[in-house]
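> Starting off with a structure, shown below.
The values are calculated or read from the model by the stated rules, or taken from the named source; none is laboratory data. As the structure is a computational prediction, the values presented were derived from the model and not from experiment. With ideal geometry, Cβ positions are generated from the backbone for all residues, glycine too; neighbour counts draw on all protein chains shown. Surface areas here come from the heavy atoms of the whole protein model, side chains and all, with no ligands, DNA or RNA. Shrake-Rupley method; radii C 1.70, N 1.55, O 1.52, S 1.80 Å.
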Amino acid sequence: VVVPGLTSGKNGASPSIAVDRDGLAFYVAVENRAFDSISALYRCGLNGSLHGVLDSSSCLYTNLSSADNPVASMSVLVDDVGRRLLVLGVDRLGSLVLRVCTLDAQPLCVLRALTALPWTIGLRKVSRPLLDQGKLVVVAGVSTGVAPTGPLHLFRCNPDGSALETLDLVPELWKDELRDPSIAIDTTHGALFVVAASVRNNSRLIGLRCDRNGLNCDHYDLAFGAGPESGNRPVALVDAANARLLVVSEVVSDSLRLTVCAATNLSSCTGATLGTPGLLQFEPVAALDLVNSALVVMTVSVYNLTLVRCRLNGTFAGSDCVVAIVGTAPFNRARTPSLWIDATDATLFAAVDSTGGLGRPWVFRCSLSAGASELPCDSIDASGDTGGDSGYDPFILETPATGNLVIVTTSVANDFRVAVFDCTASGTACTYMTPSTDGPNSGLRASAVWDATASKLIIGSFSSNGNERVSLLLRRCATNDSNCNTLEFAGVDISPERFRPSLIIEPSTGTPLLVVYPNVAKIPVLRRCLISLASCDPPINITTGPPGSGSFPCTLR
């Protein structure tokens with residue numbers, strides 16, 4: 001949401017992009033390192049078509065940290081069949097977590113934890129997920145106290161996270177540290193391919209060819225004479241028309257290597273160099289342009305965003321490949337690209353962490369017209385100029401009667417008090433308010449719920465004495481009136497970690513405001529309050545689960 005007069009940076013790290021063709025919008029999931037590496041989701045409209053005018057004012061910001069706090073390995077994809085958005089990541093405890101979200105301007109998400117302690121998943125150990133036969137499929141390196149090196153496991157579940165199945169893909173002989181896994185599915189031959197960099201073999205490429213369900217895996221050394229550090233950050237693709245597996249990998253941050261194998265047998269493969277060696281090409285992402293029968297590889301080359309396109313029916317060398325620089329300075333200076341190509345009209349969308357754009361998530365859209373050496377591209381700041389010292393930890397909701405968007409944030413510029421922005425549905429014409437009763441450090445991890453009966457906003461947050469959380473605060477007020485009814489629970493048992501209180505209104509009861517928050521043992525605590533905030537019932541522990549079972553509560557009715 002555009003908040004006038006605010007600037008920000010470092011809010012676009014490690015982006016992942018997905019495009020909703022039916023909803024004509026794209027989504028970018030990022031790490032917002034402007035404030036403690038919280039995770040965030042940006043949604044931008046496409047103004048009527050995939051080629052519509054890109055407009056930063058259409059970009060809306062949703063804070064994902066209230067439920068899972070993934071700080072690495074985030075991926076986002078659209079489930080077109082189920083009409084939902086899937087966001088996969090690794091939280092601070094090393095758990096693989098899935099958020100299932102609505103495809104709305106303000107996505108509503110439900111959290112599913114796919115792993116739990118003692119399993120932990122480290123950095124660079126999760127593949128980008130795929131949807132196959134109605135299942136979400138992902139491969140991740142799992143570490144335990146018994147097997148700390150992280151053998152690869154296959155996770156298969158319904159797109160909503162239910163019916164989870166796990167399978168150890170790697171026999172004892174291969175249980176070294178396997179980094180940067182990537183998966184691809186050959187629907188013609190019913191095969192699942194997994195490629196990764198073998199740390200034990202000096203980051204050379206290895207591959208697995210399994211049945212589509214992950215059983216009966218054969219394991220291959222895919223280096224084929226390539227030197228050490230030649231299998232970093234691999235990307236696997238299936239060229240179905242030519243029955244081949246294509247793997248693009250990074251070679252010591254210097255060049256790109258393409259490994260080409262027959263889809264039916266990985267025992268004999270060929271290798272080629274992509275792009276221009278010596279240009280420090282790294283962080284490759286790749287996809288197939290089915291309209292033009294081309295392999296498309298995007299990479300970072302001395303902070304320039306470079307696109308390599310090669311004909312699939314060629315030799316992947318010489319005139320069969322075209323190299324182009326994408327973007328205009330300073331926004332071509334980028335890191336960690338993410339790529340999506342439309343299968344019907346060869347339109348490319350790429351999200352990058354733009355170092356030239358102060359670390360914001362920047363999205364490029366290019367037409368992959370056949371033979372073009374200079375790509376026609378336009379770009380957009382997908383953050384919509386959000387953030388800044390008044391915009392940390394935003395929580396967004398809609399007021400049904402007016403369609404306005406209300407954003408509740410923590411204002412660092414105002415000594416960590418709550419800030420309330422009331423904006424039109426387009427994210428413009430925002431007004432600003434801070435509750436008059438709030439003192440310093442009283443607006444931490446704010447959340448809110450809308451009382452439609454009285455047209456009032458109910459805000460929950462934690463206060464701090466600088467070292468620990470000391471109270472839970474509730475306020476009830478109009479978005480344009482700083483005079484709020486306030487209720488404070490001092491000295492309550494509150495977890496010191498980065499959790500929000502979860503608020504919900506239940507109109508069928510006498511005490512319709514429900515507040516859930518985790519205590520020090522991370523067990524969820526329920527408070528029932530009058531909606532006027534005149535009083536609340538005593539706290540109730542609502543689970544008999546072990547400590548930690550109340551982390552990141554999200555309450556639904």
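> Pick from the stretch 184-209 the residues that are under 28 Å from the mean Cα position of the chain (by Cα) and closer than 14 Å to Q133 by Cβ: which of them is surrounded by the fewest Cβ atoms within 10 Å (Cβ to Cβ)?
By that ranking, first place goes to T187.
> Still on this structure, please answer the following. Across the stretch 215-229, which residue is surrounded by the most Cβ atoms within 10 Å (Cβ to Cβ) among those that are closer than 11 Å to G271 by Cα and either touching a helix residue (DSSP H, G or I) at 6+ places or on another chain (Cβ under 7 Å) or modelled with pLDDT of 90 or more (or both)?
L222
> Right, something else. Just to be sure before I move on: is P361 crowded, with 23+ Cβ neighbours inside 10 Å and modelled with pLDDT of 60 or more in the structure I sent?
Numbers: crowded, with 23+ Cβ neighbours inside 10 Å: yes; modelled with pLDDT of 60 or more: yes.
It is true that P361 is crowded, with 23+ Cβ neighbours inside 10 Å and modelled with pLDDT of 60 or more.
> Separate question: Which of the residues that make up the stretch 254-268 are open to solvent by 20 Å² or more (accessible area, probe 1.4 Å) and not aliphatic (A, V, I, L, M)?
D254, R257, T264, N265, S267, S268, listed by residue number.
> Another question about this same structure. Within the stretch 421-435, can one find any residue that is modelled with pLDDT of 85 or more, touching a Ser or Thr at 6+ places or on another chain (Cβ under 8 Å), hydrophobic (A, V, I, L, M, F, W, C) and assigned to a strand (DSSP E or B)?
No.
> Looking at (1) at pLDDT 85 or above; (2) open to solvent by less than 50 Å² (accessible area, probe 1.4 Å); (3) over 24 Å from S39 (Cα atoms); (4) out of contact with any helix residue (DSSP H, G or I) (no Cβ under 9 Å at 6 or more places or on another chain), which is the only condition L152 fails?
With (1) at pLDDT 85 or above; (2) open to solvent by less than 50 Å² (accessible area, probe 1.4 Å); (3) over 24 Å from S39 (Cα atoms); (4) out of contact with any helix residue (DSSP H, G or I) (no Cβ under 9 Å at 6 or more places or on another chain) applied to L152, the lone miss is (4).
> Scan the stretch 116-134 and tell me whether some residue there is open to solvent by 10 Å² or more (accessible area, probe 1.4 Å), assigned to a strand (DSSP E or B) and in contact with a Pro (Cβ under 8 Å, 6 or more places away or on another chain).
Yes, the stretch 116-134 has at least one match.
> Could you check, for the stretch 228-237, whether at least one of its residues is among the aliphatic types (A, V, I, L, M) and farther than 26 Å from L290 by Cα?
no
> Also, I was wondering about something else. Could you please find all residues in the stretch 101-115 being part of a loop (DSSP other than H, G, I, E, B) and of a type in the set (A, V, I, L, M, F, W, C)? Step through it out loud before you land on a result.
Step one: of the stretch 101-115, the residues part of a loop (DSSP other than H, G, I, E, B) are 102-108, 114-115.
Answer for the stretch 101-115, where residues must be part of a loop (DSSP other than H, G, I, E, B) and of a type in the set (A, V, I, L, M, F, W, C): L103, A105, L108, L114.
> Any idea which residue in the stretch 290-307 is most open to solvent (accessible area, probe 1.4 Å), counting only those that are modelled with pLDDT of 90 or more and more than 14 Å from F349 (Cα to Cα)?
L290
> When you go through G271, G327, G314 one by one, which is the residue that is of a type outside the set (A, V, I, L, M) and at pLDDT below 80?
Sole residue among the options that is of a type outside the set (A, V, I, L, M) and at pLDDT below 80: G327.
> Of all residues in the stretch 437-454, count the ones that are closer than 15 Å to L533 by Cα and either of a type in the set (D, E, K, R) or at pLDDT 85 or above (or both).
5
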